[in-house]
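Heads up, the thing below is written out as structure tokens.
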Amino acid sequence: MNLILFGPPAAGKGTQAKRLLESRRMVQLSTGDMLRAAIASGSELGQRVQGIMQRGELVSDEIVVALIEERLPEAEAAGGAIFDGFPRTIAQAQALDLMLKGRGKRINLVVRLRVDDPALVERVAGRFAESGRADDNPESFKVRLAAYNAQTAPLLPYYQAQGNLIEVDGMGSIDAVAQAIDKALDAAHG
Ligand code: AMP
């Protein structure tokens, strides 16, 4: 089972992915987490992406596709992946489809977490105060939201056309959203 958690920044994708890890045999593949780890390690990749991420812009497709490709065998061995924050562009989605196809797999379900913009701004302000994550500052967040609307939202019709997109109201409590995702996953399992 390969699942994409889809939605704007601060929609709750990471929170829900981590919760799913506890209840399902899947691996979380978060390109944001991988990039933050690269920055923390001081690697050449980390140095290359640090400024881009801090500004809230997207790093190149090439970089994130390579990060995902590296982790696919591990996800496959575990029984599937929860893609969190990837793909974010049509090119990434096409690359993912190809990589999975090459392994005889596919995306089984795309769960779109629907959260309205004012709620996102409020959530991210809270997260910034709590964690101090550099790109949660109001200026960068504006850029991230714009990147989502311009580059990532066009993936919705892409997955709709594949027939595996479902929408979940992401405005509810963490538990309520989790229940809705569980229901969708169980239905997808048939
Ligand atoms: P996230 O933790 O998913 O919100 O990602 C944080 C930041 O990492 C984003 O604002 C981008 O700068 C970068 N990033 C993460 N995933 C991707 C991706 N799939 N494509 C491009 N940039 C990404």
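The values are calculated or read from the model by the stated rules, or taken from the named source; none is laboratory data. This is a predicted model, so every value here is computed, not measured. No Cβ is skipped: glycine too gets one built from the backbone with ideal geometry, and neighbour counts run over all protein chains shown. For the accessible areas, the whole protein counts, side chains as well, though only heavy atoms, and no ligand, DNA or RNA atoms are used. Shrake-Rupley method; radii C 1.70, N 1.55, O 1.52, S 1.80 Å.
How large is the charge dipole for segment 2-185, taken about the Cα centre, if only the Cβ atoms of Lys, Arg (+1) and Asp, Glu (-1) carry charge, to the nearest 20 debye?
320 debye
How many angstrom lie between the C-alpha centres of segment 20-65 and segment 112-126?
If we compute the Cα centre of each part, the gap is 21 Å.
Rounded to a whole number, what % of the accessible area of the chain do carbon and sulfur atoms account for, probe 1.4 Å?
52 percent
So for the pair MET99, ALA78, with labels modelled 7 Å out along Cα→Cβ, what separation do we get in nm?
Simple spin-label model gives 1.4 nm for this pair.
Taking R0 as 41 Å, what's the FRET efficiency between ASP175 and VAL143 from their Cβ-Cβ distance, rounded to 0.05?
My answer for the efficiency is 0.85.
Given the options ILE63, ILE39, LEU100, identify the residue whose Cα lies farthest towards the positive end of the charge dipole of segment 2-185 (+1 on Cβ of Lys, Arg; -1 on Cβ of Asp, Glu).
With unit charges placed on the Cβ atoms, the residue in question is LEU100.
Out of all DSSP beta bridges in the chain, what portion is antiparallel? Express it as a percent rounded to 5.
Among the beta bridges of the chain, antiparallel pairing accounts for roughly 0 percent.
Quick one: accessible area per residue over the chain, 1.4 Å probe, rounded to a whole number of Å²?
50 Å²
Roll a 1.4 Å probe over the protein heavy atoms and report the accessible area of LEU58 in Å², nearest 10.
In the full protein context, LEU58 sits at about 50 Å².
Rounded, prolate or oblate, given the Cα gyration tensor of segment 41-178, with a/c below 1.5 counting as rounded?
Taking the square roots of the gyration eigenvalues as a ≥ b ≥ c, segment 41-178 is oblate.
Once you keep just the Cα pairs under 8 angstrom separated by 6 or more residues, what percentage relative contact order results for segment 2-185?
The normalised contact order for segment 2-185 reaches 32 percent.
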